[in-house]
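FYI, it's all coordinate maths here, none of it is from the lab. Source: prediction; values computed, not measured. Neighbour counts are summed over all protein chains in view; Cβ atoms, including those assigned to glycine, are modelled from backbone coordinates with ideal geometry.
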Amino acid sequence: MSESESIKVAVLGASGYSGYELIRILLNHKKSELVCVTSRAESGKSISEVFPRLRGDVKADILIFEEPKSENIIKSGASFVFLALPHGVAAEFAGPLLDAGLKVIDLSADFRIKSPSIYEEFYGSAHPAPARLKEAVYGLPEIRPNEIAKASLIASPGCYPTSILLPLIPLIRNHIVDFSSIHVVSMSGTSGAGKSPNPELLFAQCNESVRAYSVPKHRHLSEIEQELSLEAGEPILISFTPILMPVNSGIATIIHATGKNIDNCETVYHALNSAYSDCPFIRILEEGVPPDTKNVTGTNFIDISCAFDKRTNRLILMSTEDNLIKGASGQAVQSFNLMCGFDEITGLLS
C-alpha cells in the first residue's frame, strides 16, 4: 500500500477501554479513516455520546455505533478491522471478515496460542477456529516486523506478555540467562480487567489495596512461555505473579533471573541496545534506574532497565508500559502501520 493512501478501518467491540483508545488513536491517525464502530450495548449512539471526551471531533460526533455484525463491517468499505472483543467471540467474526478480503488485527487471545490444546487448558474451552491458527502472526512489532507487514491476521499480544517478552527476548536469544531461573512479578492497573462489572473491581475493593490474583496460573502465561520457548528453541517455563494496583492504567514488571557467567549488566545492555536500536517505542534507561508508570501512561512507549544483584548473582530486569496502549490498542495500531507500509510511529506520538 502506498504511504499516501488513506485506509478505511473499523473497530468491532469499540465501547470498552481498549476500544476507546483505538478510536482515539485512529481519529487522529492521518493515514486512516474510521468508517465503522460496533457495540451491542451502545448501538444507535454516536461515539461522542459514549465517550464525551471526544466531543467536538467531527467524526466522533456523527459516526454511530452499529450492531456487531460482520455484514455491517463489510458494507462500510473498511479494508482493516480491529477486533476489541472478548476471547472466544473474536474468532467468530475473524473468519467471515478474512474470507471477505479484510485484514484483521485481533486484540483478544483467540489467535495468540498456536496449540489448540494449550488454549483450551488456559481458557477453559475448545478453540473456536483452530484452522485459522497457522495464518495468524503474533504481533510484537519490535520482534516480527517483517512477518507482520505481510500478514492478514494479527494476534496482538496481551499487556502482561508485552511487558515481559520485550525485556527478556534479547536475553533469551543470546543465552544470557539460565532459562529455568526466570521469575516475574507484574503489577497492573484495574483497567486491565476490562469494562464488564465485577464486584472485585469496585472502588471500595481496590482503593488503598494491593493484591495478587490468578496465582499460580494466569492465562497470559500460555503466550509468554510459547514465545520464550520459540526464541530459545526449547521449552521454557516461568513463574509469574500478577498483582492488582489501585490505579487506572499502567503495568510495572520486575523480572528476576540468574545470569550465565556475568557479574554486571553490560552484556544485558549490549543485547537490548542491539535488538532495539531502531525501535521508536522502546526506551532503554540507564542501569539501576527503575522505570516509572507515570512516564509511560498515555503513550505507546515501554521503558526498560536492568540492575545486577551481586549478593545473589541475579539480574533484575524492569519495564513499564500503559496496558491499554502499548499493551493493547497502540501496539495494534503499530502493527497496522507496518501492514500498510506507513511509518511505524504514525498516529502514535500525538
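Within region 197-264, the percentage of alpha carbon pairs spaced more than 20 angstrom apart rounds to 47%. Under 17 Å of direct C-alpha separation, and excluding same-chain neighbours fewer than eight residues apart, K134 reaches these aspartates and glutamates: E92, D99, D106, D110, E120, E147, E223, E227. If the limit is 32 Å between Cα atoms, which of K45/K217; K69/K326; K150/K326 go over it? Too far apart for the 32 Å limit: K45/K217. Return one number: the angle in degrees, 0 to 90 and rounded to the nearest 10, between the long axis of the Cα atoms of helix 221-232 and the longest principal axis of the Cα atoms of the chain. The angle comes out at about 60 degrees. Residue order for V210, V184, fewest other beta carbons within 10 angstrom first, comes to V210, V184.
Mind checking region 31-120 for trypsin sites (Lys or Arg not before Pro) that DSSP puts in a loop (not H, G, I, E or B) and that have at most 13 other Cβ atoms within 10 Å?
Here the sparse-neighbourhood loop sites are R40, R55.
Between N248 and D61, the simple spin-label model (points 7 angstrom out along Cα→Cβ) gives 2.4 nm. In summary, the aspartates and glutamates within cross-link reach of K30, defined as a Cα separation below 17 angstrom excluding same-chain residues under 8 places away, comprise E3, E5, E21, D57, D343, E344.
Among I251, I148, I316, a tally of other beta-carbon atoms within 10 Å of each Cβ gives an order, fewest to most, of I316, I148, I251.
Helices in the chain, meaning DSSP H runs of at least 4 residues, each add -39500 (n - 2.57). Divided by all residues, the mean residue ellipticity at 222 nm is -8000 deg cm²/dmol.
One equal scatterer on each Cα of region 288-331, no solvent, Debye formula: the resulting log10 I(q)/I(0) at q = 0.19, 0.28 Å⁻¹ is -0.57, -0.87. Rounded to whole Å, the principal axis extents of the Cα atoms in region 160-322 read 48, 31, 31, largest first.
Seen against the Cα atoms of the chain and their longest principal axis, helix 90-99 is set at about 60 degrees. By the Cβ distance rule (another cysteine Cβ under 4.7 Å), the unpaired cysteines of the chain are C36, C159, C206, C279, C340. Once the mean of 1/r is taken over each pair of separate Cα atoms and inverted, the chain shows a Kirkwood hydrodynamic radius of 20.6 Å. Treating r as the C-beta distance of D263 and T241 and R0 as 30 Å, the FRET efficiency rounds to 0.65. Extension gain, R211-S43: 0.36 nm per intervening residue step, less the Cα-Cα distance, totals 56.9 nm.
Under 13 Å of direct C-alpha separation, and excluding same-chain neighbours fewer than eight residues apart, K260 reaches these aspartates and glutamates: D178.
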